[in-house]
Amino acid sequence: MEPHVLEKYKSHAGAASFNVKYEREWHKRVSTRWEYGVIAACFRIAGPQETILDLPSGCGRLFGAYRAYGKKFYAMDVSHEMLKFARENFPELKESLSVGSAFQMPLRDGAVDCAFSARLFHHVPDPREREQYIRELCRVSRKWVVFTYFHTWSLKNILRMMRRPFNRKKKKVTMTTAELRELARKIGWEVAASIPLSRLASGHHYAVLRKC
């Protein structure tokens, strides 16, 4: 994972900023409402779950989006500071919070019914780490995985690639649906759906993986 991103969110200042970011900025509020709808669509495919793991849970920003689809929840993050805010925001999660890395989860195989993971993929530039991350999500889940990835052929990324010769911005960490399907196949899973967060305003897709 990008070291500067990791250090930012592990700090108190970084966690505090993230805790209010999606409420403070109007376009983030709009994005969150839209994201709740996409997450609901994912869980309509997966159906109700006994147990849901959210990693990285952050401050609990998306808990409200999937809480109606589960009975028991586990919220995990590599940042102690993020989890402090999650405890304040959602006291009912207090007993379910724990520290853990998405690349080596401290959970047994098939520990939960569904592993949920949002907005981490695009912060992992190393392809081996990205594969390890997806493998870990599938390892700890008995049946379903819902996670985000940044799509190579999204309009947002195509425009970014077109502007790169002029603004020199670094390449986005991306994946195609075909690449995701191939990786899922290799580890005994399949892609049930890949839903764009927004075809115009975002390159993120929510993937729903099902164990074969």
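The values are calculated or read from the model by the stated rules, or taken from the named source; none is laboratory data. Worth saying up front: this structure is predicted, and the values here are computed from it rather than measured. Here the Cβ is made from the backbone with ideal geometry for all residues, glycine too, and neighbour counts use every protein chain on show.
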**OP:** Give the number of residues within the stretch 2-20 that are surrounded by 13 or more Cβ atoms within 10 Å (Cβ to Cβ) and either free of Cβ contacts under 8 Å to residues at least 12 places away in the same chain or of a type in the set (D, E) (or both).
**Re:** 3
**OP:** Could you grab me the full set of residues in the stretch 46-82 that are of a type in the set (A, V, I, L, M), out of contact with any Gly (no Cβ under 8 Å at 6 or more places or on another chain) and farther than 19 Å from E23 by Cβ?
**Re:** A46, L53, A68
Subject >> The one condition in (1) modelled with pLDDT of 95 or more; (2) of a type in the set (S, T, N, Q); (3) under 17 Å from the mean Cα position of the chain (by Cα) that S31 fails to fulfil >> reply: (1)
Original post:
Is there any pair with a first residue in the stretch 172-187 that is under 21 Å from W144 (Cβ atoms) and a second that is among the β-branched types (V, I, T) and part of a loop (DSSP other than H, G, I, E, B) whose Cβ atoms are under 7 Å apart and which are 6 or more apart or on different chains, and what are they?
Top reply: M175/T152
Subject >> Condition check for L93: more than 22 Å from L183 (Cβ to Cβ), buried (at least 19 other Cβ atoms within 10 Å of the Cβ), modelled with pLDDT under 95 and not β-branched (V, I, T) >> reply: yes
Original post:
Is it the case that some residue within the stretch 8-17 is over 17 Å from A102 (Cβ atoms) and either of a type in the set (S, T, N, Q) or touching a strand residue (DSSP E or B) at 6+ places or on another chain (Cβ under 8 Å) (or both)?
Top reply: yes
Subject >> Selected residue (only one of R160, R108 is surrounded by fewer than 21 Cβ atoms within 10 Å (Cβ to Cβ), of a type outside the set (A, V, I, L, M, F, W, C) and at pLDDT below 95) >> reply: R160
**OP:** State all residues of the stretch 51-83 that are part of a loop (DSSP other than H, G, I, E, B) and either at pLDDT below 95 or among the basic types (K, R) (or both); if no residue qualifies, say none.
**Re:** R61
Original post:
Do any residues in the stretch 33-50 that are assigned to a helix (DSSP H, G or I) have Cβ atoms under 7 Å from those of residues that are among the polar types (S, T, N, Q) and surrounded by 14 or more Cβ atoms within 10 Å (Cβ to Cβ), where the two are at least six apart or on different chains, and which pairs are they?
Top reply: W34/S198
**OP:** State whether the residues of the stretch 194-206 include one that is in contact with a Cys (Cβ under 8 Å, 6 or more places away or on another chain), outside any strand (DSSP E or B) and surrounded by fewer than 21 Cβ atoms within 10 Å (Cβ to Cβ).
**Re:** no
